[in-house]
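See below for the structure under consideration.
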Amino acid sequence: TTTPDTNDTSPTTTVSRFLGISTRGLVSSTKAMYGSIAITGTENKTVAFMGKGKTMESQGITDYVADPALIIYKLTDGAWGVYRTIDNWGDATGSENISTVQGKEGITLPVDASEAAIVLDLAPGSYSAILTSTEATAKEALVEAYEIPATNGTSRFLGISTRGLVSSTKAMYGSIAITGTENKKVVFMGKGKTMESQGITDYVIDPALVTVSYTHLRAHETEAD
């Protein structure tokens with residue numbers, strides 16, 4: 001879970017903001033991966049959701065979900081309901097097709113027709129993009145949510161969270177992008193037992209977090225190579 005400093009009460013005066021979230025983890029036909037966002041403000045925000053598998057091949061990941069699909073849920077009056085579904089990104093028409101935001105900051109288009117992506121105009125509130133698979137064996141996948149910056153407006157990402165499978169040999173990677181020119185104070189949390197109140201009993205007992213910057217991660221990968 002990632003959320004900005006709660007003392008930041010003047011979002012319109014800062015020039016740095018959350019751009020999006022990208023989470024990598026294991027997905028199977030019985031275990032989905034969840035990427036959730038909260039939008040605060042009074043105006044709609046355009047958000048691109050993506051579920052990727054083959055795109056990760058360029059990063060050396062070969063054991064990926066072949067045909068990811070996305071189910072977008074919206075929280076309304078305390079209950080989650082299906083807002084939109086998308087299997088193949090080409091099925092999205094008009095302004096909802098991911099190609100309409102090609103070149104926007106943070107957006108990397110899927111490389112395969114079987115990957116899922118959609119662009120939605122969302123009112124302030126809470127949303128969850130659930131990435132699913134038809135494969136019985138758990139494989140790697142990416143679920144992403146990126147805002148498409150408007151020329152004006154006060155709505156913004158308030159917080160982002162992800163949920164998925166974790167073991168001693170397989171971690172879950174929750175990545176954020178911050179755009180702008182100033183530092184942003186961010187709270188990172190890794191939770192297990194907290195989810196018990198949501199009816200989840202098969203949780204990680206002792207989660208741990210390792211937070212690294214992209215430059216640090218790339219340097220580590222270069223040393224490993």
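With respect to the conditions (1) polar (S, T, N, Q); (2) modelled with pLDDT of 80 or more; (3) open to solvent by less than 30 Å² (accessible area, probe 1.4 Å), SER155 lacks only one, and its number is (2). Taking region 177-195 as the range and being open to solvent by less than 60 Å² (accessible area, probe 1.4 Å) and in contact with a Lys or Arg (Cβ under 9 Å, 6 or more places away or on another chain) as the test, the residues that pass are THR179, GLY180, LYS184, MET195. Residues in region 1-50 that are closer than 21 Å to GLY106 by Cα, in a loop (DSSP other than H, G, I, E, B) and modelled with pLDDT of 85 or more: 1 in all.
Summed over region 78-103, residues that are part of a helix (DSSP H, G or I) and touching a residue at least 12 places away in the same chain (Cβ under 8 Å) total 7. When region 72-89 is filtered for residues that are hydrophobic (A, V, I, L, M, F, W, C) and either in contact with a helix residue (DSSP H, G or I) (Cβ under 7 Å, 6 or more places away or on another chain) or surrounded by fewer than 19 Cβ atoms within 10 Å (Cβ to Cβ) (or both), the ones remaining, listed by number, are LEU75, ALA79, TRP80, VAL82, TRP89. When region 182-209 is filtered for residues that are within 15 Å of MET172 (Cα to Cα) and either within 18 Å of the chain's Cα centre (by Cα) or of a type in the set (Ser, Thr, Tyr) (or both), the ones remaining, listed by number, are PHE188, MET189, GLY190, LYS191, TYR203, LEU209.
For ASP112, the stated conditions hold: it is under 17 Å from ALA69 (Cβ atoms), open to solvent by 40 Å² or more (accessible area, probe 1.4 Å) and among the acidic types (Asp, Glu). Only one entry in ASP121, ASP112 is more than 16 Å from ILE21 (Cβ to Cβ) and touching a helix residue (DSSP H, G or I) at 6+ places or on another chain (Cβ under 6 Å), namely ASP112. Evaluating GLY174 against the criteria (1) in a strand (DSSP E or B); (2) open to solvent by less than 50 Å² (accessible area, probe 1.4 Å); (3) at pLDDT below 75 leaves one unmet condition, (2). State whether one or more residues within region 124-137 are open to solvent by 50 Å² or more (accessible area, probe 1.4 Å), over 24 Å from VAL204 (Cβ atoms) and either in contact with a helix residue (DSSP H, G or I) (Cβ under 7 Å, 6 or more places away or on another chain) or at pLDDT below 70 (or both). No, every residue in region 124-137 fails to be open to solvent by 50 Å² or more (accessible area, probe 1.4 Å), over 24 Å from VAL204 (Cβ atoms) and either in contact with a helix residue (DSSP H, G or I) (Cβ under 7 Å, 6 or more places away or on another chain) or at pLDDT below 70 (or both).
The values are calculated or read from the model by the stated rules, or taken from the named source; none is laboratory data. Small disclaimer: the values here were computed from a predicted structure and weren't measured. Quick reminder, even Gly has a Cβ in these numbers, built from the backbone with ideal geometry, and neighbours come from all protein chains shown. Note: accessible area is taken over every heavy atom of the protein model, side chains too, but ligands, DNA and RNA are not part of it. Shrake-Rupley method; radii C 1.70, N 1.55, O 1.52, S 1.80 Å.
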